[in-house]
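Computed from the coordinates by the stated procedures, all read-outs in this text should not be read as laboratory data. Source: prediction; values computed, not measured. Glycine gets a Cβ as well: all are built from the backbone with ideal geometry, and neighbour counts include every protein chain shown.
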Amino acid sequence: MKIERIETILMSYRYSQSEAWKWSGGATLQRNCVLVRITTDTGLTGLGEVGESAYLPRSIEKIVQERFEPMLVGEDPMDIEKIWQKLYIQSCHYARKGVVSTIMSGVDIALYDIVGKYLKVPVSTLLGGQYRKKIRAYASGGMYKDEEDLFSEAASYVDSGYFGFKMRIGAQDPMPEVEMIRRLHARIGNRIQLLVDAGQCYTNFPWSYTTALKVCKALEDCNLFWMEEPLHPDDVEGFVRLSRATTVPIVAGENEFTRYGFAPLISRRGVSMVQPDVTRSGGISECKKIASYASVHHMDCAPHIFGSGVGFMANLHFIVSTPNAIVVEHDQTLNPLRESPLLCSIEYKDGYIHMPEGLVGLGVELSEDVIRAYPYIDEDAVRKPDFIPLW
């Protein structure tokens, strides 16, 4: 069996004015999805998702065509490890991190989908089998909104049985947000744990160590499940210092790439948990290595999941097969691309996502009807805030 071609598939859902949402990184106006579809000479196909697809869909399309397709055509899709190494080595002199890593991730996922289909087994079986059948889930929402609406959202997740509710902060002056979290905690109590995402990779003015420490210290009595990305991802030293200086668990990793990028965060204890994403960090292959390295340091994984149904299922196979992957992020924002490629619906019950049974490969299929229903819209998906420093 040989790889015959690789193509990119771009899809979009444009929000209405009432559906768009805001966060520290700007206003999200559109959900994009960039998929790679690999076709073999036997007719078998595999799907993978390229993460962080909101920003560079057309550029990804061109890079795949010009750089990755020539490296892939003629290769045996069963040789997943060889192909990953080939793509990494032959691209690392111009892009060891960032967009090329996300493209490699999509390719890697698609190869696992092909091999699973060829062997007629789920991808999780290829990864060593299922360590668990269900995974504890937290509701990932909490975008910028009125405080009363935020409380109502949190209360709805209590009723739905989620163990945690993730909300977004990250303003240049974070103290009003800190006070809001404290009020929310006072009202919601211990009925649900709060996870706070500061998203400092996305903001125009990332917090300094001093600001991040001030935020964490002010929230130490709120029993946060974690504080996510309170520093720019390149500030590894800051993460190490912060983790030692606060009782709030610090997590990061959605904007880190490959085991080489994760290694110092893990070995230096810059975080309490790491957040790899199979659509961004280097694919399923690389996330298994990242999780394995974390386990050597007795550290858990909490994978980042915020894309289409293809990425969701790829992450789910990774999580159920990985002992130290302990929770699943359940995106609550409107995104029809999250459900449309799935061959079976995802069951959420009593605080857990249940792994579907009887899957072959990833358990996703992309029909031409779905592609036509969500054509790519060549407009900005995210409107960034003005670059105006407060001080």
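Rounded to the nearest 0.05, what FRET efficiency is calculated for LYS120 and CYS344 with R0 set to 22 Å and r the Cβ-Cβ distance?
Values: r = 16 Å, r/R0 = 0.74.
For LYS120 and CYS344, the calculated efficiency is 0.85.
The dipole here belongs to the stretch 183-299: it is taken about the Cα centre, uses +1 on the Cβ of Lys and Arg and -1 on the Cβ of Asp and Glu, and is about 320 debye. Comparing LEU316, LEU195, LEU334 in a Gaussian network model of the chain (Cα springs below 10 Å), the most mobile by mean-square fluctuation is LEU334.
Extending 7 Å from the Cα toward the beta-carbon at both MET1 and SER16 defines two label points whose distance is 4.4 nm.
With a sphere of radius 11 Å drawn around the Cβ of ASP79, what net charge do the other residues whose Cβ falls strictly inside it have (Lys, Arg +1; Asp, Glu -1)?
On the way: positive: LYS2, LYS82, LYS86; negative: GLU75, ASP76, GLU81.
My count for the surroundings of ASP79 gives 0.
Of GLU256, GLU148, GLU69, the residue with the greatest mean-square motion in the GNM of the chain, using alpha carbon springs below 10 Å, is GLU148. Beta-bridge orientation, the chain: approximately 55 percent antiparallel, per DSSP, counting only bridges with both partners inside.
Helix 283-296 against the longest principal axis of the chain: what's the angle in degrees, Cα atoms only, rounded to the nearest 10? Helix 283-296 sits roughly 50 degrees off the main axis of the chain.
Local charge sum around GLU220 (other residues, Cβ-Cβ under 12 Å, Lys/Arg +1, Asp/Glu -1)?
Around GLU220, the surrounding residues sum to +2.
Here the contact order of the stretch 116-187, divided by its residue count and restricted to Cα pairs under 8 Å and six or more residues apart, works out to 29 percent.
Dipole of the chain, Cα-centred, from +1 at each Lys and Arg C-beta and -1 at each Asp and Glu C-beta, to the nearest 20 debye? Dipole about the Cα centre, nearest 20: 860 debye. Taking SER152, SER340, SER16 in turn, the Gaussian network model of the chain (Cα-Cα springs below 10 Å) assigns the largest fluctuation to SER16.
Please report the antiparallel percentage of the DSSP beta bridges confined to the stretch 125-358, to the nearest 5.
Working: 6 of 29 bridges.
Here the antiparallel bridges make up roughly 20 percent for the stretch 125-358.
Remark: the stretch 109-123, residue by residue, has Karplus-estimated 3J(HN,Hα) of 4, 4, 5, 4, 4, 5, 5, x, 5, 4, 8, 6, 9, x, 4 Hz, where x stands for each Gly or Pro and the curve is 6.51 cos²θ - 1.76 cosθ + 1.60 at θ = phi - 60°. Each part reduced to its alpha carbon centroid, the stretch 226-256 and the stretch 43-118 end up 29 Å apart. Along the charge dipole of the chain, which of LEU119, ILE319, VAL296 sits closest to the positive end, that is, farthest toward it, with unit charges on the beta carbon of Lys, Arg, Asp and Glu (+1, +1, -1, -1)? The listed residue farthest towards the positive side: VAL296. Legend: distances between Cα atoms for LYS145/LYS166; LYS133/LYS349; LYS22/LYS62; pairs beyond 19 Å are LYS22/LYS62.
If you wrap a convex hull around the alpha carbons of the chain, what volume per residue comes out, as a whole number of Å³?
Numbers: hull volume 52.6 nm³, N = 391.
Convex hull of Cα atoms, per residue: 135 Å³.
If r is the Cβ-Cβ distance from HIS298 to GLN130 and R0 is 22 Å, what FRET efficiency results, to the nearest 0.05? Walk me through the numbers before you get to the answer.
Values: r = 22 Å, r/R0 = 1.02.
Plugging the Cβ-Cβ distance into 1/(1 + (r/R0)^6) gives 0.50.
Identify, among SER59, ILE83, VAL248, the residue whose Cα sits farthest towards the positive end of the charge dipole of the chain, taking +1 on the Cβ of Lys and Arg and -1 on the Cβ of Asp and Glu, with the dipole about the Cα centre. Value: VAL248.
May I ask you to order 298-305, 114-121 by the average number of other C-beta atoms within 10 Å around their residues, highest value first? Each step should come with its number before you reach the end.
Details: 298-305: 22.1, 114-121: 17.4.
So the peptides 298-305, 114-121, ranked by packing, come out 298-305, 114-121.
Couplings 3J(HN,Hα) of the stretch 264-270, computed from phi: x, 4, 7, 5, 9, 6, x Hz, in residue order, whole Hz [Karplus 6.51 cos²θ - 1.76 cosθ + 1.60, θ = phi - 60°; x for Gly and Pro].
Each residue of the stretch 56-72 was assigned a 3J(HN,Hα) from its phi angle through the Karplus curve 6.51 cos²θ - 1.76 cosθ + 1.60 (θ = phi - 60°); the sequence is 9, x, 5, 5, 4, 3, 6, 4, 4, 5, 7, 10, 8, 4, x, 6, 9 Hz, with glycine and proline shown as x.
Contact order normalised by length for the chain, with contacts defined as Cα pairs under 8 Å and 6 or more residues apart; what percent is it?
Averaging sequence separation for qualifying contacts and normalising by length gives 22 percent for the chain.
The local environment of ALA291, defined by Cβ-Cβ distances under 13 Å, has a net charge of 0 under the rule Lys, Arg +1 and Asp, Glu -1.
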